[in-house]
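Structure record follows, encoded as structure tokens.
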Amino acid sequence: MGSLCLTLCATVLAVAASAPAAQAAQAADGGGVSVTPSTPAPGADLALRVTGCAGRTATASSAAFVADARLTGAGGSLAGETRVRSAIEPGPYDVRITCADLEVKGRITVAAVTGGAAPATPAAPVDAGGGWTATHLSAMEPHAVTPGTGHAVTGLVLAGAAAVAVVLRRSRRSCGTD
């Protein structure tokens with residue numbers, strides 16, 4: 001009987017520890033806000049979910065967020081994502097979600113950075129495609145680009161080819177071979 005109780009307690013503890021979202025607040029009319037992770041660190045990404053909104057969109061705002069989160073969904077459940085500011089002090093912050101028919105309030109608690117690790121910040125430019133082009137072109141000094149001799153010769157060759165084509169087309173029409 002003792003091992004069954006221990007197994008049951010361990011299972012309940014494991015389920016409680018692995019719950020995907022913590023309930024942050026509950027409005028008086030049944031609407032609620034859940035935040036994943038429940039205690040984010042500075043610079044962490046957040047997933048927000050609100051229930052009880054009749055609309056298809058909502059906006060979540062907080063002093064802890066880098067930008068307001070746009071929540072979308074249907075059936076009274078809306079979800080969205082945002083990021084916690086990197087340079088924010090640990091502690092509780094209010095979250096206000098504005099729906100079409102109500103305003104839901106919640107609260108998140110920003111955790112302190114542990115282990116002496118600083119929040120992640122960019123250390124170098126992001127490679128955004130184009131291979132080495134962005135890095136190479138950013139190191140070049142700007143200079144004016146004007147047509148040179150090569151451009152002039154290419155233009156004259158193309159103009160000459162167009163003139164020959166027009167002359168040949170007119171000569172075929174006048175001969176009636178077209």
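A few remarks follow.
- Selection within region 51-99 - among the polar types (S, T, N, Q) and open to solvent by 40 Å² or more (accessible area, probe 1.4 Å): 51, 57, 59, 72, 86, 98
- Filtered residues of region 39-50 (kept if open to solvent by less than 60 Å² (accessible area, probe 1.4 Å) and closer than 15 Å to residue 105 by Cα): 48, 50
- Some residue of region 66-81 being modelled with pLDDT of 85 or more and closer than 12 Å to residue 110 by Cα: no
The values are calculated or read from the model by the stated rules, or taken from the named source; none is laboratory data. Computed from a predicted structure; not experimentally measured. Areas reflect the complete protein model, heavy atoms only, side chains present, ligands, DNA and RNA absent. Shrake-Rupley method; radii C 1.70, N 1.55, O 1.52, S 1.80 Å.
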